Amino acid sequence: MTQVHHPLDDFTEYPQDEMLKRARDHYADIRRRHSVRQFSDRPVPREIIEQCILAAGTAPNGANHQPWHFVAIESQAIKTRIRQEAEALEQAFYAGRAGEEWLDALKPLGTNASKPYLEHAPWLIAIFSQKRGGQQEDGQSTNYYVHESVGIATGFLIQALHHAGLVTLTHTPKPMSFLTDICGRDRDNERPFMLLVAGYPAAGATIPGHALIKKPLEQILTVL
Ligand code: IYR
């Protein structure tokens, strides 16, 4: 394939004081992002979800193969099925499959096997990673850094949904293979990466205090 390069004509340079203000403003905004477990059933227009998926699809990724597929679910029947399947798995998880150490680590969050939001939130977004396919999704070409790529795209998606004014919850019932069948995806080439719940918070929604503790800069940053 021939290399065609384009001028970087959409880069915007800001004066340094404005850059610092933008960085501070962004931090102030993103620190208001919380994983929410109480959702309203208030509908969210599909176009908002579509715009957020477009943003997710701009994520940096291996060889620009974009090894992801998003399934946005608003069908009540499908959400109910997902809730049933996920809760059955979570019941086994909380009944012992997780092991004592994991269950202890989850205690401050107060989670349990009950996942009503999977049925009541307006949107579930199932994110799939693709082992092969390249940009043309030819089913042949190897994809690279698949996990990293899909992880970054998922981060972009969470951020886009927050920026749009919605709340989310990342959910990874184990194993997630039931999502492949429910979403009608290719079992050989695609793997469910994550289930994202998106919508408005329920009135009076709360977040666990444990989730508000963020490691200080000195702990998470080393400057050499
Ligand atoms: N998937 C389970 C358990 C769970 C695991 C982790 I790690 C969390 O940060 C939160 C929950 C559930 O959704 O309840």
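The values are calculated or read from the model by the stated rules, or taken from the named source; none is laboratory data. Since the structure is predicted, the reported quantities are computational estimates derived from the model, not experimental observations. Here the Cβ is made from the backbone with ideal geometry for all residues, glycine too, and neighbour counts use every protein chain on show. Please note that ligands, DNA and RNA were not included when accessible areas were found on the heavy atoms of the full protein model with its side chains. Shrake-Rupley method; radii C 1.70, N 1.55, O 1.52, S 1.80 Å.
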| Any idea how far the Cα center of segment 67-104 sits from the one of segment 3-21, in Å? | 42 Å
| What chymotrypsin sites (Phe, Trp or Tyr not before Pro) does segment 77-182 have in DSSP loop regions with at most 16 other beta carbons within 10 Å? | 144, 145
| task | Mind listing the long-range amide H neighbours of residue 186? Cut-off is under 5 Å, sequence gap 5 or more, other chains count too, H placed in the peptide plane at 1.01 Å from N. | result | none
| message | Can you sort 163, 171, 34 by solvent-accessible area, 1.4 Å probe, largest first? | response | 163, 34, 171
| query | Summing -39500 (n - 2.57) over the DSSP H runs of n ≥ 4 in the chain and dividing by its residue number, what mean residue ellipticity at 222 nm do you reach, to the nearest 500 deg cm²/dmol? | reply | -11000 deg cm²/dmol
| request: Between 167, 44, 150, find the one with the highest GNM mean-square fluctuation for the chain; connect C-alpha pairs within less than 10 Å. | output: 44
| remark: Once the dipole of segment 1-97 is set up from charges on Cβ (+1 Lys and Arg, -1 Asp and Glu), the residue from the list 71, 92, 6 lying farthest towards its positive end is 92
| note | The pairs in 174/214; 115/174; 107/174; 79/107 lying past 21 Å Cα-Cα in this model are 174/214; 79/107
| query | Going by accessible area, probe 1.4 Å, with all protein chains left in place, what is the ranking of 224, 196, largest first? | reply | 224, 196
| request: Compute the normalised compactness of the chain: alpha-carbon radius of gyration over 2.2 N^0.38 Å, N being the residue count. | output: 1.13
| To the nearest 10 Å², what's residue 214's accessible area with a 1.4 Å probe? | 140 Å²
| request: Would you please give the residues with an amide H less than 5 Å from that of residue 41, counting only those at least 5 places away or on a separate chain, with H modeled from the backbone geometry? | output: none
| query | Under a plain spin-label model, where a point goes 7 Å from the Cα along Cα-to-Cβ, how far apart in nm are residue 223 and residue 84? | reply | 5.7 nm
| remark: With DSSP loop assignment and no more than 14 other C-beta atoms within 10 Å, the trypsin sites (Lys or Arg not before Pro) in segment 91-169 are 131
